[in-house]
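Q: Mind having a look at this structure? Questions to follow.
The values are calculated or read from the model by the stated rules, or taken from the named source; none is laboratory data. Since we're looking at a predicted model, the values are computed, not measured. All Cβ positions, glycine included, derive from the backbone under ideal geometry; neighbour counts span all protein chains shown.
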């Protein structure tokens, strides 16, 4: 059972990071052992798991997926192991679980780091003995299932904190496959963006596929993609459906970006007028004035700073503000600051550690 979110077009790439991951995945696929796929949200963990399944000897058997974070502990136990009629309120009939459904094939457990300890113990028994009991039954059921888990959590750290069973972690981590985030495979962005644009144009029955202008393509390359491939797909599809011509020249990365919010940022006096209307200005305004005064006093008490430190602080602050105003599109941020793109890139590289830290 493949999730509807799995899209083979997302398994495209020619970057070194992507090809190395695919090579490791192909190596472990025929080996009849559990595996873990570690990656950020939206990076394609389920797609990688399904590819691993279809490259294995189990390709003709079921591929069953379950998101473990979406279910309560009791529901998760029933989903995995099934239940007998009358085992709990609402259990009107016997129901098979995901382990039985995946018999002979692969069971993909997404967000495996969020599985409760009680359920982890039952999964460990299946891994060790290939047997389990349905909820409400004491009769063991034998299954032959390969488990592939996925998470963006630090499982060894969870094990150290007692939140993940060390024995289960040892059994599941025969091979651990780190999935590269999109920002580390920038060479693949144009390829993926074009594929998503073609697909969206077909869905909309357009007689052409819009192309990306140089500025738009550069914006895609410069963006940091916290949502990875899933976010890229949304951004590209939104750009295609909004575009009325054959060339996409503008990219909106944040669909929640509002010109009205920008007006509030540009005109802080609007906040003051609202405070007068609600009657909160007298107390809260005094508090802010007090904090500003104390802040100024504290700044004075620090004593003089070197010119180098002051310049560094000013450059970093202006970079952060420009990037924020322009939704992290570097070409637009460069224009905002009156710099050429190459000048901006040099300045960006100078402070890239601080700028990346401010994104999280």
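Q: So which helices (runs of 4 or more DSSP H) are wholly in the stretch 245-360 and hold at least 2 residues that are modelled with pLDDT of 80 or more and outside the structural domain of residue 208 (by TED's automatic domain parsing)? Step through it out loud before you land on a result.
A: Working: elements: 259-266, 269-278, 286-301, 307-325, 330-337, 341-350, 352-359.
By residue number, 307-325, 330-337, 341-350.
Q: Which of the numbered conditions does residue 93 fail, given that it passes all the others? Conditions: (1) assigned to a loop (DSSP other than H, G, I, E, B); (2) under 24 Å from residue 176 (Cβ atoms).
A: (2)
Q: Looking at residue 224 and the list (1) surrounded by fewer than 20 Cβ atoms within 10 Å (Cβ to Cβ); (2) assigned by TED's automatic domain parsing to the domain that holds residue 61, which single condition is not satisfied?
A: Just one mismatch for residue 224, condition (2).
Q: Additional query: Against the conditions (1) farther than 24 Å from residue 72 by Cα; (2) in contact with a helix residue (DSSP H, G or I) (Cβ under 6 Å, 6 or more places away or on another chain), where does residue 198 fall short? Just the number, please.
A: With (1) farther than 24 Å from residue 72 by Cα; (2) in contact with a helix residue (DSSP H, G or I) (Cβ under 6 Å, 6 or more places away or on another chain) applied to residue 198, the lone miss is (2).
Q: Related question: Scan the stretch 151-169 and give yes if some residue there is within 27 Å of the chain's Cα centre (by Cα), under 30 Å from residue 226 (Cα atoms) and assigned to a strand (DSSP E or B), otherwise no.
A: yes
Q: Yes or no: the stretch 65-77 includes at least one residue that is in a loop (DSSP other than H, G, I, E, B) and touching a strand residue (DSSP E or B) at 6+ places or on another chain (Cβ under 8 Å). If you could, list the steps in order and put the result at the bottom.
A: Going through the stretch 65-77, the residues in a loop (DSSP other than H, G, I, E, B) turn out to be 71-72.
Narrowing the set further to residues that are touching a strand residue (DSSP E or B) at 6+ places or on another chain (Cβ under 8 Å) leaves none.
No, the conditions are met nowhere in the stretch 65-77.
Q: List every residue pair whose Cβ atoms sit under 7 Å apart, with the two residues 6 or more apart in sequence or on different chains, where the first one lies in the stretch 20-31 and is in the same structural domain as residue 50 (by TED's automatic domain parsing) and the second, anywhere, is loosely packed, with under 13 Cβ neighbours inside 10 Å and not in a helix (DSSP H, G or I).
A: As it stands, the answer is 30/57, since those pairs meet every condition given.
Q: A further question on this structure: What is the one condition in (1) part of a helix (DSSP H, G or I); (2) closer than 30 Å to residue 23 by Cβ; (3) touching a residue at least 40 places away in the same chain (Cβ under 8 Å) that residue 126 does not satisfy?
A: The single condition residue 126 does not satisfy is (3).
Q: Do we find that residue 161 is out of contact with any helix residue (DSSP H, G or I) (no Cβ under 9 Å at 6 or more places or on another chain), within 30 Å of residue 118 (Cα to Cα) and modelled with pLDDT of 95 or more in this structure?
A: Values: out of contact with any helix residue (DSSP H, G or I) (no Cβ under 9 Å at 6 or more places or on another chain): yes; within 30 Å of residue 118 (Cα to Cα): yes; modelled with pLDDT of 95 or more: yes.
It is true that residue 161 is out of contact with any helix residue (DSSP H, G or I) (no Cβ under 9 Å at 6 or more places or on another chain), within 30 Å of residue 118 (Cα to Cα) and modelled with pLDDT of 95 or more.
The rows are residues; the columns are (1) within 30 Å of residue 35 (Cβ to Cβ); (2) in contact (Cβ under 8 Å) with a residue 24 or more places away in the chain; (3) surrounded by 17 or more Cβ atoms within 10 Å (Cβ to Cβ); (4) in the same structural domain as residue 14 (by TED's automatic domain parsing).
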| position | (1), (2), (3), (4) |
| --- | --- |
| 155 | yes, yes, yes, yes |
| 193 | yes, yes, yes, no |
| 210 | no, yes, yes, no |
| 220 | no, yes, yes, no |
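Q: Right, here's the next one. Restricting attention to the stretch 157-178, and to residues there that are free of Cβ contacts under 8 Å to residues at least 40 places away in the same chain and at negative phi, which single residue is surrounded by the fewest Cβ atoms within 10 Å (Cβ to Cβ)?
A: Step one: list which residues in the stretch 157-178 are free of Cβ contacts under 8 Å to residues at least 40 places away in the same chain, which gives 157, 159-162, 166, 169-170.
Of the ones still in play, those that are also at negative phi are 157, 159-161, 166, 169-170.
Numbers: 157: 11, 159: 17, 160: 11, 161: 9, 166: 13, 169: 19, 170: 12.
The extreme case among them is 161.
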